[in-house]
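The values are calculated or read from the model by the stated rules, or taken from the named source; none is laboratory data. Here the structure is a predicted model, which means the values were calculated and not measured. Glycine gets a Cβ as well: all are built from the backbone with ideal geometry, and neighbour counts include every protein chain shown.
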Amino acid sequence: MNNRTNITKLLGFILALLPGMAYAGHTNRDVTITQIHPISSNRPASPNTQDTIRVYVNPAPWGDTACRQDAADLLKEDSHLLSSLLMAWTTGKSIKMEVDDRSVPTGGNDIVCQLTALYIK
């Protein structure tokens, strides 16, 4: 066997092991916003939460993720999502949030999904 064949077999073996590994995933669900918590870019009390907006919602699982069920974090740079979210919330529109289980790094044991998209009706 040549090196290419050995590498192909090795890659096949590695790929066969991968289904048991955890991957970042995304999911979405209809939500009711209960509170919005914008956090300053300078928060000495909890610097790991700086530049995020914690959006609290009705508790329910985010698919198969281990994310906190009653919140999602919106990054400061996603201002288009924030403005859309505020418009929908204040006008009583139906909101579906899409989140990714790549937790926004807030420190501690709290795993909070990152808000990545909105569906507004």
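You will find that of 72, 45, the residue that is of a type in the set (A, V, I, L, M, F, W, C) and in a strand (DSSP E or B) is 72 and no other.
Scoring residue 96 on the criteria (1) in contact with an Asp or Glu (Cβ under 7 Å, 6 or more places away or on another chain); (2) at pLDDT 95 or above; (3) buried (at least 17 other Cβ atoms within 10 Å of the Cβ) leaves a single failure, condition (3). Residues in region 41-60 that are under 26 Å from residue 89 (Cα atoms), surrounded by fewer than 14 Cβ atoms within 10 Å (Cβ to Cβ) and in contact (Cβ under 8 Å) with a residue 24 or more places away in the chain: 3 in all.
Scan region 100-109 and tell me whether some residue there is at pLDDT 95 or above and under 17 Å from residue 27 (Cα atoms). No, the conditions are met nowhere in region 100-109.
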